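The values are calculated or read from the model by the stated rules, or taken from the named source; none is laboratory data. For clarity, every value in this text was computed on a predicted model and none was experimentally measured. Here the Cβ positions follow ideal geometry from the backbone for every residue, glycine too, while neighbour counts run over all protein chains shown.
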Amino acid sequence: MVNDSLRMKVLLSFSHAPIDVDHPFASEDVNAAFYLQDWLHKRNVESWPDVNQDTIPLLEWKETVHQRMQEVVAVLCLISPETVRTRYVGQLLEVAELYPRCRIYLIWVAGQDDEWDDLVPRELKHLTLNIDEERFDIRGDIRSKPNTQRLNDLLATLRARHTEDAKKIAEDVRNSAQQRSSMQDALFLKRATPIPPIVEPIPLLKRLRVLGRTVVRSFAPFVTMRSSLSPITMHQSSTVETSVGTDVDMFVDNDHEPYKGLDPFTQDDTAFFFGREQLSDTIADRIISSSQTHAVSEGAIRFFSIIGVSGSGKSSLVMAGVIPHLQQQEKNWLCLDVVRPQESPLLQLATMLHSYFPHDSNNRLRDKLRQDPSSLLGYTETIARRKKCKLILYIDQFEELFMPAVDADTRKIFMSHLEHVASSSNGLVTVIVSLRTEFQDEFLQNCSGRIIRETLLAQMIHIAGIDRKDLRKVIEEPAKRAGISFEGDLVSELLYDIRDQRDALPLLEFTLSELYAQRDGRVLTQRAYTQLRGKNGVLNKYADRIYREVVDDAGVEIARRQKIARYLFSRLVYVNDSIDTATKRQVPKDELALSDQAGNSILAEIVNAFVNARLLVAHSSTVVYQEKDVEDVENTGKKEGDVVGRETTTIEIAHEALIREWQQLRMWLEDAAVDRPIEQKLAADSHDWASDPRKLYKKLQYYYSGRELNRALVWSDKNEVSRVQHSFLAASKLFGLCKFIVIVLLLIGSVGGLAVVQSEQTSKSLQVTSMSDSGPGSLRAAIENAPPETIIHLASKVVLTSDDLVFKKDVTVTGSGVDSAAILGDGKHSLSIMISPDVTVTLQNLEIANGYSDLNSFMTNKGDLTLNNCYIHDNETDSDGGGVANSGGILSIINTKIMGNKAARSGGGVFTDNGITTITQSNITKNTSSSGGGVYSRLGSAVISKSNIEDNVANDGDGGGISVFNGSLVFAASTVYQNKASTYGGGISVIGGESTIDSAIIQDNSAGTYGGGISVIKDTDNGKSSLMTVLNTPVSPGSNSRYSIANNRSAQVSKDATLDVLGIVLGAVQNESTVQITSEEHNYPQGSPAPKFSAVDLGPTYYKGVASINAFCQAQNYSYGAYSQPPTATFNATSDDIQIQCYDQHNQPSPTTFDAQKVCHLQYPKVSHIFDRVADFNDQTALQCYSNVHLLGPAITIANANAYCKNQSDVGVDSNTRSTAYDWRCKSASKDTLPAGFSVADMCQSIYPKSHNAFDRLTNFYSPDGWECWAPD
C-alpha cells in the first residue's frame, strides 16, 4: 500500500450523464467506471467524480474539472461506443490541455476490435503533448471477468508516474528554496535592506513597486503647474549568478522587468516580447517589399495600417515586433520618434521634427506643416539622406485624429502629409499607423482619393486575438529570460482564468507584472496569485485598492476626494457610443487644474497615487515656441522672435482595459451619461476659449448665454470643474450682464452694420421657402442658384414631379428633421436625385421616400455623397439600388435608417458599382431585391461598422443581408440578423475578392440552398477565388461570446452543416480568434496557380477507379457525405488519413468521421490492400482507389521543396505562411512573376528517382506536411 501522504488521485472521464432517450444513464462505460472506481479505491487510489453520486450539470462541468485538475496525477479516459456521444469528454479535454503535467490514459472498456479509430473522440486526437501512447484494453465482462493483468499494468504505470511527480515536486521545492536564498543573498549585496516576505497585502503606496527597483514619481500641488516628472530609478548593476539546478536560459537579464503591466512594449523590450513573431516577420517582409518599389503606379504606397480592437497589442507589435524584425533583416532602417495625434496632431508632428531640426521652434514647424502640404516629405527625406537610411514614421493611436477635438481642416492636412510621404517615388519613408477597428471607416473617409483609399484598404493588416499556444509563450518565455520560474500549475491557472477575455493580453501582462512584483525570490507564487484574484478580476481589485488608500482611507475630506477622483477619470475618458468602445484622452496637466489650492493638492495626491501604481501615465516634454504674440511677450518678458522652451506635462490612463475592467470607473461613466454632452461641450469650448490668445472682450463668440449657460451652471454645481472651465463660466456670466447694453447700442447706432452681417450670413446659406417642385424659393432653384459650399436649409416636405433633381456643385442640404423635412417622389413619375461626378454633396436630417425610377435608383451618386441622419424608405426601382445607388463615386452613410426599399435587380437598400461605400451607425432593414437584399457591392469596396443589417430579402438570388461580387468588404462591430436569400448566403454572400469580418453578430439568417449564415464561393466566370477572414467572431454554434456566427439555417446542407457556412473553413473552428473561409482549397495571391494534381495513369493493375462517398455514407445509414477535418492537427504518416463526415436526412453530422480508405474498401470489397487517393480536395467525386502500391515516404520538406524549385529555374520555395497542403509554391526569380504552384507528383519522382511512376497521395489537407509519395509494387 502507498502511504496516505502520497495518496494518488485520478480523474475518470466517461459518459456519466444521459445523452438522450436512446442512450440511458446505465451505459457500458458507466458500469466500467463503477468497477474501476471500486478497484482503484481498494488500492488506495482516489478517483473523481464519484460514480455513486448525482451527475454534474454540463454548465458546471468545466469549472469543476478545472478545480479537480490541480489535484489529480492522471486522467483515465474510458473509451466505449458511448464516449463519442457526450460533450462532457470534449470539455474535460479542453481543460486538460492546459495541464501538460497531467497524463491522459486511454482505457478501452467496450467495442469491437476494428472500432477503435471510430470510438476515440476527435478531441483526444488533437492532444499530442500529454496523451499516453499506450492504451489499456480491459474489455469483457467488467465485473465477472475483468482483464486484471492490464489493470495491474495501469496501476503500475500510475504509481511510477506518481512517484516521478513526487520526486519532481520535492526537487522543485528544494530549487525554489535555493532560488530564494540566492536571490536574497544577491540583493543583500546590492542593497542596504533585505526584501521582507509578503505575508499579507501591503498598502501599494507604501511598498516597493518592483523587487530590486524603486520608482518614485510625484507632482507638486497643481497650483504651481511646474513639476518635474523625471523618475528616480535604481537599477541592479549586474546579473545574479546562480547554481540552482533549474533550466535557465544562458541569457538572463535581471535588470529588466520581464512583464510590462499596462504599458506597451518598446524597442528596448524586444528581448521580452513573445507571441507575435510570425506576424512581425510577415509585416516586416511586406514593408521591405513595398520599399523596393518606387513608382506609385506600381502600387507602392508605403502606408500600412495595423487594425485591431483595443487591447490586441497593436503598439507593442509595431515597436517590439515589426521594427526590430525589420532592422534584423535590413540594418539601414530607422524609426523616427513615435507620434500620437492627440488633440493637436500638427503640433505633435512638429515636436517630433524639432528633435532633428533643433534650430526651428515647434510652432514654426507646425505653421510650415499647415501651410505647405509637401513640407513633411521634405523634412523626412532630409533626415533619411543625412543618416543614410530608410525611415519608419509611426503614428500610434491613430484614432485620436478622428476625435471631435480635431477640426476637419487639421485632419485633412495631417492625412495629406502622410499620403505625400507614403507615395513619394524616392521610397525613403514608410508610414505605419495603428488604429482601433471601429475607426477604420473614418480613416478611409478621410483619404484624399479613390486610388489612395483602395490601396490603403488593400494594405490594412488586421490583427486578431492571440491563441492559447502563443499566450503560453507570452507567460513563460520572458520568465526564462529573467531567470524566474512559476510555482506548481500557476501558468495553467493563468491561462484558464483569461479564457474568452476580450482584454486577455493587457490583463495577462498586468497580472504577471503584479506577480513579478510580489515574487518570492525567483519564483512567482500561487499564494500571491490567490491574493491578487478578485471576484471581478485582478485589475479591478488592484484599482480599487489604490482608490481606497488615497480616497476612502485618507480620513479627511473623503466626499471631496471622491468627487475629485470622479472628475479626474471622467476627463481622461472620451465616450462616444458606449463605455465598451470608449477611448482614453491625453490631457495637459494645466487643463486638469482646479480653481482652488486645496482641491489641487488633493488632485495631485490622487494623480501621484495612480501614476505610481502605473494605472495612469505622466508624460513630460519641452515644447519650443517662437514668441510672436504681444500678449505672449508681455507674459514672458521676451522680445518678439525670441525662442522660449515650455515644459508640458500630460496625464492619461495607462491602457483602455482599465476603462472596461474597473467597475468604479464604469459606474462613474454610466452615472454621467445623461449630462455627458454638457460636460464634453463645456470642456471643448472652454479649451478653445482659453487657447485663443486675444483679449477677453474679443472672444465673444465663445461665451454661453440663456439656456445653454443655465445648463452648464447647474452641471458645475454638481461636479468638480477645472480652473479653465470655472473662468470660462464666470466670463460667460459677465458677458450675459453686458449683453443687453451691447444689443441696445447696436440697435441704436449700428443698424447699417446689422444689415451687413445679415447679408453676409445670407450669402453663406439659403432657406427654402416654397414647397413647390420648382420656381422661386424652391429646393430646385436653391440648388441651381447657390454658390459652391452653400448650406441650404429645408423645413418642409418637397415632392418631385417635373424632372430629376441634379446636383452640379458642392452644397449641403440640411433639414429641420426627418419628421418635418423631406424630398419625396410622387410614386408615379420616374425621377431621380442625381449627384454629378466630382461634386461633393451632404444631405442631412432629411426624409427621402416614395420615389420611383425605371432606369436608375431614386437617389444615384456619381460624386461624393454623405447621408447623415436621414430616413430613406419606401423607394422603388426597376434597376439597382432601391434606397440609394453609388455608381463609381464615394458614398458615406452615417446614422441613417434605410428601410422598406425595393430593387428589381440588386441592392434593395444600398447598391455600389465600382465605388467606395462606408456605412456607420446605421440601420438597413426590410429591403428587398433580386440579390443583395440589404447591401450589394460590385467591383468596389464596402466598409460597414457599428450598423445593423436586418430582415432584408434577396428573393431571386444570393446575399439576403449583404452580397459582394468581385469587391472587398470590411464588416466590423455590426449585426446581420434574420435576412433571407432564395439561393445562398442568407446573411452574407461573397463571390470573388477578399472580405474581413471583425467582431460581428451573424445570426438567424436563412438561405434557400446553401450557406444560411455565410457563403464564400468562386467567381467561375472570371476565375477569381474568394477569401474571408473572420476576426474576434467565433465560428461556433455553441459559443457564449458576445459576437458569433450561429443559428443560421439553409434548406440544403453546406460543407459544415452546424455552421451553415458555404465554403471551406481553414483552421480549427474552436479557435475563436481567427478563421479563414475560402471558395477553394487554397489561398494564393491573384494569378498564382494551385499545385498541379490529377489522376495518375498506372493502368488497371493499380488504379481501380473512383469511390462514391455518398454510397458509403448511405451504407452507414446516413444520407450523404463530404470531406472533413483530419483526426489530428499534426501529420502522421502511419495514422492520419483523409476523413469523411456523413450526414443524416436532417443534416446532422455523424458523431465520428471515417477514413477515406474505408470508402474504397466498400466500393471494391474483393480488392485486398486498397488505398485511397484524393485527386482534388475541392471535388467530392475525386476520391480514387489504388491497390498493389506502397508508401515511399513523406513528399515535401522545405529542403526538398527548395531543391525542386531551384531545378525549375526558380529562386527557391516561397516563404509565405503555409496553412494547408496546397500552400506550397515556387518563388520566381522575376519580381514581375507571382509564386507558382508545382506538381507534387514530379517532386516525388525527384525525391525518389529509383522508383518508377512515383505519385503523390494527400493524407491531411489541413497540414502543409500532409503529402506522401507512393509507387506501384
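Of the residues making up segment 547-563, those that are buried (at least 20 other Cβ atoms within 10 Å of the Cβ) and either under 29 Å from F728 (Cβ atoms) or of a type outside the set (F, W, Y) (or both) are V550, V551, R561.
Among the residues of segment 845-852, are any in a strand (DSSP E or B), in contact (Cβ under 8 Å) with a residue 40 or more places away in the chain and surrounded by 23 or more Cβ atoms within 10 Å (Cβ to Cβ)? Within segment 845-852, none of the residues are in a strand (DSSP E or B), in contact (Cβ under 8 Å) with a residue 40 or more places away in the chain and surrounded by 23 or more Cβ atoms within 10 Å (Cβ to Cβ). Can you find a residue in segment 445-452 that is within 23 Å of the chain's Cα centre (by Cα) and either part of a helix (DSSP H, G or I) or assigned by TED's automatic domain parsing to the domain that holds L865 (or both)? Yes, that holds for at least one residue. Look at segment 896-918: where a residue is closer than 20 Å to G827 by Cα and a partner is acidic (D, E) and not in a loop (DSSP other than H, G, I, E, B), sitting 6+ places away or on another chain with Cβ atoms under 6 Å, you get K902/E876.
In the set (1) modelled with pLDDT of 85 or more; (2) closer than 29 Å to W689 by Cβ, D596 fails one condition alone, (1).
Filtered by the rule that a residue be outside any helix (DSSP H, G or I), under 30 Å from D685 (Cα atoms) and among the hydrophobic types (A, V, I, L, M, F, W, C), segment 390-444 gives I395, M403, A405, V406, V433, L435.
Restrict the check to segment 453-469 and report whether at least one residue is in contact with an Asp or Glu (Cβ under 7 Å, 6 or more places away or on another chain) and part of a strand (DSSP E or B). Yes, segment 453-469 contains at least one residue that is in contact with an Asp or Glu (Cβ under 7 Å, 6 or more places away or on another chain) and part of a strand (DSSP E or B). Somewhere in segment 753-769, is a residue modelled with pLDDT of 85 or more and part of a helix (DSSP H, G or I)? There is no residue in segment 753-769 that is modelled with pLDDT of 85 or more and part of a helix (DSSP H, G or I). What about L709, is it within 30 Å of E679 (Cα to Cα), at pLDDT 70 or above, part of a helix (DSSP H, G or I) and in contact with a helix residue (DSSP H, G or I) (Cβ under 6 Å, 6 or more places away or on another chain)? Answer is yes for this residue. In segment 1128-1138, the condition of being of a type in the set (V, I, T) and at pLDDT 80 or above is met by at least one residue.
Looking at R366, R436, which is the one that is closer than 15 Å to S305 by Cα and of a type in the set (K, R)?
R436
Residues of segment 248-266 that are loosely packed, with under 15 Cβ neighbours inside 10 Å and either at pLDDT 85 or above or charged (D, E, K, R) (or both): D249, D255.
For segment 770-802, the set of residues classified as in a loop (DSSP other than H, G, I, E, B) and either closer than 22 Å to T840 by Cβ or of a type in the set (S, T, Y) (or both) consists of S770, S772, S774, S778, A786, P787, P788, E789, S796, T801, S802, listed by residue number. In segment 847-864 there is no residue matching the filter, namely being on the phi < 0 side of the Ramachandran plot, of a type in the set (K, R) and over 45 Å from the mean Cα position of the chain (by Cα).
So, in segment 944-991, how many residues would count as being among the aromatic types (F, W, Y), in contact (Cβ under 8 Å) with a residue 40 or more places away in the chain and under 17 Å from D1060 (Cα atoms)?
Total meeting the criteria: 1.
Across segment 151-170, the qualifying residues are those that are crowded, with 17+ Cβ neighbours inside 10 Å and modelled with pLDDT under 75, and the one among them that is farthest from V45 (Cα to Cα) is D165. Of everything in segment 1168-1193 that is under 29 Å from P81 (Cβ atoms) and not hydroxyl-bearing (S, T, Y), the residue that is surrounded by the most Cβ atoms within 10 Å (Cβ to Cβ) is L1183.
Only residues that are outside any helix (DSSP H, G or I) and at pLDDT 60 or above were counted in segment 712-752, giving 4.
Taking the conditions (1) modelled with pLDDT of 85 or more; (2) buried (at least 21 other Cβ atoms within 10 Å of the Cβ) in turn, R522 satisfies each one other than (1).
Among the residues making up segment 708-731, a single one is aromatic (F, W, Y) and farther than 16 Å from D688 by Cβ: W715. Comparison of T860, T812, T842 shows that the only residue that is assigned to a strand (DSSP E or B), polar (S, T, N, Q), in contact (Cβ under 8 Å) with a residue 12 or more places away in the chain and surrounded by 19 or more Cβ atoms within 10 Å (Cβ to Cβ) is T860. Listed by first and then second residue, the pairs linking a residue in segment 650-666 that is outside the structural domain of S344 (by TED's automatic domain parsing) to a residue that is small (G, A, S), with Cβ atoms under 6 Å apart and 6 or more places separating them unless they lie on different chains, are I651/A618; E656/S310; A657/G311; I659/A582; E661/G537; W662/A543.
Select from segment 863-889 the residues that are surrounded by fewer than 24 Cβ atoms within 10 Å (Cβ to Cβ) and outside any loop (DSSP other than H, G, I, E, B) and list them in ascending order.
D864, T866, N868, Y871, H873, E876, S887 - these are the residues of segment 863-889 that are surrounded by fewer than 24 Cβ atoms within 10 Å (Cβ to Cβ) and outside any loop (DSSP other than H, G, I, E, B).
All of (1) more than 35 Å from the chain's Cα centre (by Cα); (2) surrounded by fewer than 19 Cβ atoms within 10 Å (Cβ to Cβ) hold for C389 with one exception: (1).
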